[in-house]
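Notes to accompany the following structure.
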Amino acid sequence: MDNANHRFAFQKLNYKFLLIGLAINIVGFLLMIGGESTDPNKFDASALFSPIRITLAPILIIGGYLVMIYAIMKQPKKGSKEISKEEVIEKSTNKNG
């Protein structure tokens, strides 16, 4: 392996944003499901076409995807402390050995 200074693509903040975006998406999809009826012969339009299911849930899903895209595109600041792969390997071998 060469001595080039390899850096991880994602930092801790990227993963936090990614998980936040995933949680927003899950909430949006959970709000979108439902509307089942106990009687299959009865149609309840107010449950099927509720404002939460029609407007809020898609807005949350799109917002979650935007947060995830931001998490993927965000680059670390130039002065931030970054750990190289070699440093991680060195720390793990020092703990084990």
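Taking 0.36 nm per residue of separation and subtracting the Cα-Cα distance, full extension of the segment from ARG53 to LYS16 would add 10.6 nm. Here the spin labels are modelled as points 7 Å beyond Cα on the Cα-Cβ line, and at SER92 and LYS77 they lie 2.9 nm apart.
Read-outs throughout are calculated quantities, based only on the coordinates presented, and are distinct from any laboratory measurement. All figures in this text were calculated on a predicted structure; none of them were measured in a lab. Note that each Cβ is placed from the backbone with ideal geometry, even for glycine, and that neighbours are counted across all protein chains shown.
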